[in-house]
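Asks: Shown below is the structure under consideration.
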Amino acid sequence: MSKLFTYSINTSKTEEFININSLLRKAIKESGIESGTAIIFSPHTTAGITINENSDPDVVRDILVNLDRVFPIVGDYMHIEGNSHAHIKTSLMGSSANVIVHEGSPLLGIWQGVYFCEFDGPRSRKVHIKLIEG
């Protein structure tokens, strides 16, 4: 059995990480799946998904600052829309993450959070969470 959940996310900044652990937990609870896999997917080319520390907000800040240092908004890009930096950052972060579901909960480390990574906001976005039993 599998179930798909789609959630809307409204980002408020040009670049930000939004902790979506609560959406993952909500999808798991609503699915009724006790054991399996959660696939978290961003259907956007300028917004990704990553798992990283959710305890110290300086970690997210450090990631964003250093991504901007390597891939600044203004750079030697040819893409006419002017958001190549966002496409590159999304490619590095990836568009999805897998999380084990065990005893009805995401099997994340104590300090881990699942983040929706906005690199071209603010925008109205979607995130898909597919839960697969087994």
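Bear in mind these aren't lab numbers, they're just calculated from the coordinates by the rules spelled out. Please read all numbers here as calculations on a predicted model, not as lab measurements. Virtual Cβ from ideal backbone geometry, glycine too; neighbours counted across all protein chains shown.
Asks: As an exercise, use a Förster radius of 30 Å and the Cβ-Cβ distance of Glu30 and Trp111 to find the FRET efficiency, rounded to the nearest 0.05. Intermediate results must be reported in sequence, preceding the final value.
Replies: On the way: r = 26 Å, r/R0 = 0.86.
Given R0 = 30 Å and the Cβ-Cβ separation, E is 0.70.
Asks: In addition: State to the nearest 20 debye the size of the charge dipole of the chain about its Cα centre, where the only charges are +1 on K and R beta carbons and -1 on D and E beta carbons.
Replies: Working: 12 positive and 15 negative charges, 85 e Å.
Result for the chain is approximately 400 debye, rounded to the nearest 20.
Asks: I've got another one for you. Identify all aspartates and glutamates with a Cα-Cα distance to Lys13 below 19 Å; exclude those on the same chain that are fewer than 8 residues away in sequence.
Replies: Asp58, Asp62, Asp68, Glu81, Glu118, Asp120
Asks: Same structure again: So what is the calculated 222 nm ellipticity per residue for the chain, using -39500 (n - 2.57) for each DSSP H run with n of 4 or more, over all residues, to the nearest 500 deg cm²/dmol?
Replies: Numbers: 3 runs with 35 residues, N = 134.
That comes out to -8000 deg cm²/dmol.
Asks: At a Cα cut-off below 18 Å, give the aspartates and glutamates reachable from Lys3, other chains included and same-chain residues fewer than 8 away excluded.
Replies: Glu30, Glu34, Glu103, Glu133
Asks: Related question: Considering Cα pairs under 8 angstrom that are at least six residues apart, work out the relative contact order of the range 2-133 and quote it in whole percent. Walk me through the numbers before you get to the answer.
Replies: Values: 275 pairs, mean separation 71.8, N = 132.
Relative contact order for the range 2-133 comes out at 54 percent.
Asks: Using a basic spin-label model with each label point 7 Å from the Cα along Cα→Cβ, how many nm lie between Ile39 and Asp56?
Replies: 3.5 nm
Asks: Where does each of 119-128, 28-37 land if you order them by average Cβ count within 10 Å, highest first?
Replies: Values: 119-128: 17.8, 28-37: 15.7.
So the order, starting with the most tightly packed, is 119-128, 28-37.
Asks: Which of the helices in the chain, when you take each full DSSP H run, stretch at least 27 Å along the axis at their Cα atoms and have an average Kyte-Doolittle score of 1.0 or higher? Each step should come with its number before you reach the end.
Replies: Working: long enough: none.
Helix filter hits for the chain: none.
Asks: Please give the direction-averaged projected area of the C-alpha convex hull for the range 42-107, in square nanometres with one decimal. Intermediate results must be reported in sequence, preceding the final value.
Replies: Working: hull surface 22.3 nm².
Averaging across all directions leaves 5.6 nm² for the Cα convex hull.
Asks: What are the extents of the Cα atoms of the range 2-133 along their three principal axes, listed from largest to smallest and rounded to whole Å?
Replies: Largest to smallest, the principal-axis extents are 48, 29, 22 Å.
Asks: Count the net charge of all other residues whose Cβ sits under 12 Å from the Cβ of Thr14, scoring Lys and Arg as +1 and Asp and Glu as -1. Please report the intermediate quantities before stating the final value.
Replies: On the way: positive: Lys13, Lys89, Arg123; negative: Glu15, Glu16, Asp68, Glu118, Asp120.
Computed value for this residue: -2.
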